[in-house]
Amino acid sequence: VGGDVVPSVAFLTYCAHVTRAKNSNPVMCLSWTPGGRRLLTGNQEGEFTLWDGVNFSFELIMSAHDQSFRCMAWSHNQNYLLTSDSGGNIKYWSPSIAPVQSLDSHAGQPIHALSFSPQDTKFVSCGDDATVRVWDWAGHREERVLE
């Protein structure tokens, strides 16, 4: 067998549950909420869907972004959630999924990934504009652009 074989642990071998929300838009990203009681998904229409994490029943749909979700990331202290969309918008959310702050960046281009620094004082974003941007969390401002 060749060296590029992927072990079986990388494949889904058992499907526990399949369910659909009331809307059937493609899901672009997802994350467990802190504590693991709920699952949060972001769809192509910019909507959050909140699911019960035990029986996977639908709980809530709410508008979050004006464009398609791209990614979401929780802070290490689990006090905030960052989300991004296909229009270059980054949003800060509280654990109760209440909006805190909104930033436009990446020249209106899609933002594909977000990541917090280990101390949650900074975060980074990257997107279709071929840049990585370093942000000051508390100041809500861009500190540096890596090109």
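The values are calculated or read from the model by the stated rules, or taken from the named source; none is laboratory data. Not measured: the values here are computed from a predicted model. Using ideal geometry, Cβ is built from the backbone for each residue, glycine included, and neighbour counts are taken over all protein chains shown.
How many residues are in contact with a Pro (Cβ under 8 Å, 6 or more places away or on another chain) and either under 15 Å from Ala138 (Cα atoms) or surrounded by fewer than 19 Cβ atoms within 10 Å (Cβ to Cβ) (or both) if we restrict to the range 75-118? Residues meeting the conditions: 10.
Kindly indicate whether Ile61 is β-branched (Val, Ile, Thr), buried (at least 18 other Cβ atoms within 10 Å of the Cβ) and touching a Leu at 6+ places or on another chain (Cβ under 9 Å). Judged against the criteria, Ile61 is not a match. All conditions in (1) within 22 Å of Thr49 (Cα to Cα); (2) at pLDDT below 95 hold for Gly139, with the sole exception of (1). Restricted to the range 56-75, and to residues there that are more than 14 Å from the chain's Cα centre (by Cα) and either touching a residue at least 60 places away in the same chain (Cβ under 8 Å) or outside any strand (DSSP E or B) (or both), the residue that is nearest to Gln101 (Cα to Cα) is Asp66. The lone criterion from (1) within 18 Å of Leu39 (Cα to Cα); (2) of a type in the set (Ser, Thr, Tyr); (3) touching a strand residue (DSSP E or B) at 6+ places or on another chain (Cβ under 9 Å) left unmet by Thr131 is number (1).
Would you mention how many residues in the range 138-147 are assigned to a loop (DSSP other than H, G, I, E, B), in contact (Cβ under 8 Å) with a residue 12 or more places away in the chain and of a type outside the set (A, V, I, L, M, F, W, C)?
Residues in the range 138-147 being assigned to a loop (DSSP other than H, G, I, E, B), in contact (Cβ under 8 Å) with a residue 12 or more places away in the chain and of a type outside the set (A, V, I, L, M, F, W, C): 2 in total.
Taking into account only those residues within the range 42-55 that are in a strand (DSSP E or B) and modelled with pLDDT under 95, which is nearest to the chain's Cα centre (by Cα)? Taking the candidates together, the pick is Phe48.
Restricted to the range 119-135, and to residues that are within 18 Å of Leu81 (Cβ to Cβ) and either of a type in the set (Ser, Thr, Tyr) or over 17 Å from the mean Cα position of the chain (by Cα) (or both), which residue is surrounded by the most Cβ atoms within 10 Å (Cβ to Cβ)? Among residues in the range 119-135 that are within 18 Å of Leu81 (Cβ to Cβ) and either of a type in the set (Ser, Thr, Tyr) or over 17 Å from the mean Cα position of the chain (by Cα) (or both), the one surrounded by the most Cβ atoms within 10 Å (Cβ to Cβ) is Ser125.
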